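The values are calculated or read from the model by the stated rules, or taken from the named source; none is laboratory data. Because the structure is a prediction, the values reported are computed rather than measured. Reconstructed Cβ throughout: ideal geometry from the backbone, glycine too, with neighbour counts over all protein chains shown.
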Amino acid sequence: MVLAMNRSSNSALANATEEADDSSDISALIGRLTAEVNEIACEKTRSIQHITNQMKMLALNALIESSRAGAQGAGFAVVAQEVRNVGQQVETIARDLESQLTARTGSLMASIEKMTERSRGERMVDLSLNAIELIDRNLYERTCDVRWWATDSAVVDCAATPSDATVAHVSERLAVILGAYTVYLDLWLCDMQGNVIASGRGDRFNVTGQNIAGTAWFRDARTLRSGDDYTAGDVERQPLLNNAQVATYCASVREGGKANGRAIGVLAIHFDWEAQARAIVEGVRVDDDKTRVLLVDSNLRVIASSDGQGLLTERIALALNGRRSGFYHDRSGGLVAFHATPGYETYKGLGWYGVIMRGA
């Protein structure tokens with residue numbers, strides 16, 4: 001399931017990028033052709049001006065010679081003057097042509113530049129949406145997992161009667177789940193007082209017997225109304241898991257494994273956030289090394305970054321202006337695009353954003 005999701009994620013990102021690249025290539029081609037037309041027009045009008053200058057010089061020489069010839073050269077002088085006038089008219093037309101062509105091609109190139117910039121911005125918005133959609137779909141799976149596993153008979157039995165035998169059995173069961181679902185760091189079964197009764201990786205993390213009642217996700221989990229509900233914690237570093245970055249999802253364990261049964265415990269599953277989120281942001285193909293692909297939470301805190309910088313410490317000054325998506329230029333001239341989480345199925349999202357920042 002996880003492998004299929006990763007393949008689907010990479011395919012979706014690749015398709016979005018290829019479509020955007022096609023649009024960008026067409027705009028660049030039009031811009032390049034317009035610049036070439038402008039250059040050719042200027043070159044040819046300069047050639048015309050050079051020829052008319054030669055005509056005017058020849059006409060001037062003819063006038064001089066005709067004046068020397070006196071009355072016999074009078075007729076030739078009229079022709080020379082007309083040639084001079086024609087040359088002047090051609091020069092005027094050439095200058096007007098150059099001026100008008102330059103103005104129009106300049107306006108066209110400016111319009112193409114705006115179109116290209118808009119195309120680039122819309123492309124970045126689409127890629128931002130792809131990134132946040134992929135993480136939403138991934139986290140939707142987590143909400144399904146925790147509610148399902150909270151009804152496992154071994155989990156329910158241990159929460160109801162935490163003996164050595166039931167703890168050993170549920171620990172084995174949780175370890176089996178972890179072996180199949182590699183996106184998790186650990187799974188914890190807790191009693192209603194916040195004591196960790198059992199975990200799936202006791203040989204790696206010494207968490208059994210620890211009290212986590214003070215965590216926000218456990219406090220929220222205690223208030224869940226039924227087994228159909230869940231809580232999702234903010235991305236954080238978990239000291240009991242070697243300070244790893246995790247996204248914790250919880251569901252209440254209920255008597256008899258029934259959704260409306262009395263709450264007898266809490267199952268907490270710790271999603272290996274850093275590795276999974278990094279795969280998504282690094283999978284977005286962008287133009288250059290100056291471009292950052294980010295996921296930020298509802299407080300605009302960086303929770304994933306393609307350059308690995310600012311994780312859980314940096315806050316982005318995102319100019320949302322009441323919008324769920326869009327792009328704009330920041331004060332330094334860089335292009336910033338964003339898209340809010342759309343959610344997926346029953347997972348409404350946590351107010352996160354996909355963000356792409358392209359340096360000036």
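Residue check: is Ala360 within 24 Å of Gly233 (Cβ to Cβ) and in contact (Cβ under 8 Å) with a residue 24 or more places away in the chain?
no
Looking at Arg237, Arg204, which one is assigned to a strand (DSSP E or B) and surrounded by fewer than 19 Cβ atoms within 10 Å (Cβ to Cβ)?
Going through Arg237, Arg204 in turn, the sole match is Arg237.
Here's the yes/no breakdown for (1) part of a helix (DSSP H, G or I); (2) modelled with pLDDT of 75 or more; (3) closer than 30 Å to Ser325 by Cα; (4) among the acidic types (Asp, Glu):
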| residue | (1), (2), (3), (4) |
| --- | --- |
| Ala59 | yes, no, no, no |
| Ala71 | yes, no, no, no |
| Thr105 | yes, no, no, no |
| Glu117 | yes, yes, yes, yes |
| Met124 | yes, yes, yes, no |
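To keep it simple, each residue is scored yes or no on (1) surrounded by 21 or more Cβ atoms within 10 Å (Cβ to Cβ); (2) in contact with a helix residue (DSSP H, G or I) (Cβ under 6 Å, 6 or more places away or on another chain); (3) within 17 Å of Leu139 (Cβ to Cβ).
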{"site": "Gly257", "(1), (2), (3)": "no, yes, no"}
{"site": "Gly261", "(1), (2), (3)": "no, yes, no"}
{"site": "Ala277", "(1), (2), (3)": "yes, no, yes"}
{"site": "Arg285", "(1), (2), (3)": "no, yes, no"}
{"site": "Arg292", "(1), (2), (3)": "yes, no, no"}
{"site": "Leu300", "(1), (2), (3)": "no, no, no"}
{"site": "Leu320", "(1), (2), (3)": "no, no, no"}
{"site": "Asp330", "(1), (2), (3)": "no, no, no"}
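Right, Val170: surrounded by 20 or more Cβ atoms within 10 Å (Cβ to Cβ) and aliphatic (A, V, I, L, M) or not? Let's see the steps before the verdict.
Working: surrounded by 20 or more Cβ atoms within 10 Å (Cβ to Cβ): yes; aliphatic (A, V, I, L, M): yes.
Judged against the criteria, Val170 is a match.
Of the residues Leu185, Leu178, which single one is in a helix (DSSP H, G or I), outside the structural domain of Tyr347 (by TED's automatic domain parsing) and within 36 Å of the chain's Cα centre (by Cα)?
Working: Leu185 fails: in a helix (DSSP H, G or I).
Selected residue: Leu178, the only one of Leu185, Leu178 that is in a helix (DSSP H, G or I), outside the structural domain of Tyr347 (by TED's automatic domain parsing) and within 36 Å of the chain's Cα centre (by Cα).
Out of all the residues in region 294-327, which are among the small types (Gly, Ala, Ser) and either more than 18 Å from Arg278 (Cα to Cα) or in contact with a Leu (Cβ under 9 Å, 6 or more places away or on another chain) (or both)?
Passing the criteria: Ser298, Ala304, Ser305, Ser306, Gly310, Ala317, Ala319, Gly322, Ser325, Gly326.
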